[in-house]
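Report on the structure given below.
Nothing in this text is a laboratory measurement; each read-out follows from the coordinates by a stated rule. As the structure is a computational prediction, the values presented were derived from the model and not from experiment. Please note: Cβ atoms are built from the backbone with ideal geometry, for glycine as well, and neighbour counts cover all protein chains shown.
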Amino acid sequence: MRHAKAVPVAPGQPDRDRPLAERGHRDATLMGRSLADSPPDLILCSPSLRTMETMDDVVAAFPRKVKGIVAKSLYGGDPAAYLAAVGDSGGGAERLLVVGHNPAIHEAALMLARDPGAKITAKFPTGAVAILAFDVDDWSAVRPGRGKLVRFLRPKDLGAGDADD
């Protein structure tokens, strides 16, 4: 999942400290509701404020508490760092949610999916989720090109009228 819409960076403010915009909170909650029927067992989240707020809003819509782990390598990381974080920290989770940043989250989804499809290839907007299935026993066995894209969901697909394309 790419973090939801954040406020623009303010003069002198570190990028890492950018919070979600009001629209970002709405979209993250909407996405959480859409995932609530089959919530993840574990969340790996970048340490930035906007990703942490996205995770909190998503989890608040789940019927049960879900453990979140801050993965420092997801902030400023490349797709290989995302894959390493999944392999190193996925543990025994059956379903894992990674909350990160573009362009790495988009590139990681493209790298992992066997057939990413046109929607995901074109753009990975704020708040979007790519759901991939892997036939592996352990997250460390995930490899590029081995994931089946089950669904690509954007806030606008759920009726968020002001969401990114």
In nm, the gap between the two label points placed 7 Å beyond Cα toward Cβ at Val9 and Arg151 is 3.4
Compute the FRET efficiency between Phe134 and Ala61 as 1/(1 + (r/R0)^6), taking r as their Cβ-Cβ distance and R0 = 22 Å, and round to the nearest 0.05. 0.35
Sequence order, the stretch 25-32: Karplus ³J(HN,Hα) from phi using 6.51 cos²θ - 1.76 cosθ + 1.60, θ = phi - 60°, Hz rounded, Gly and Pro as x, gives 4, 4, 5, 5, 5, 4, 5, x
Theoretical gain in end-to-end length, Glu107 to Ala36 [0.36 nm per residue, Cα-Cα removed]: 23.0 nm
Sorted by mean Cβ packing within 10 Å, highest first, what order do the peptides 148-160, 98-110, 131-143, 21-33 take? 98-110, 21-33, 148-160, 131-143
What Kirkwood hydrodynamic radius do you get for the stretch 1-55 when you take the inverse of the mean 1/r over all pairs of distinct Cα atoms, in Å? 11.8
Neighbours of Pro63 by Cβ distance under 12 Å: Lys/Arg at +1, Asp/Glu at -1, summed charge +2
Taking the Cα atoms of the stretch 20-158, report the difference between the largest and smallest coordinate on each principal axis, in whole Å and largest first. 36, 31, 30
Could you sort 63-71, 85-93 so that the peptide with the highest average Cβ count within 10 Å comes first and the rest follow in order? 85-93, 63-71
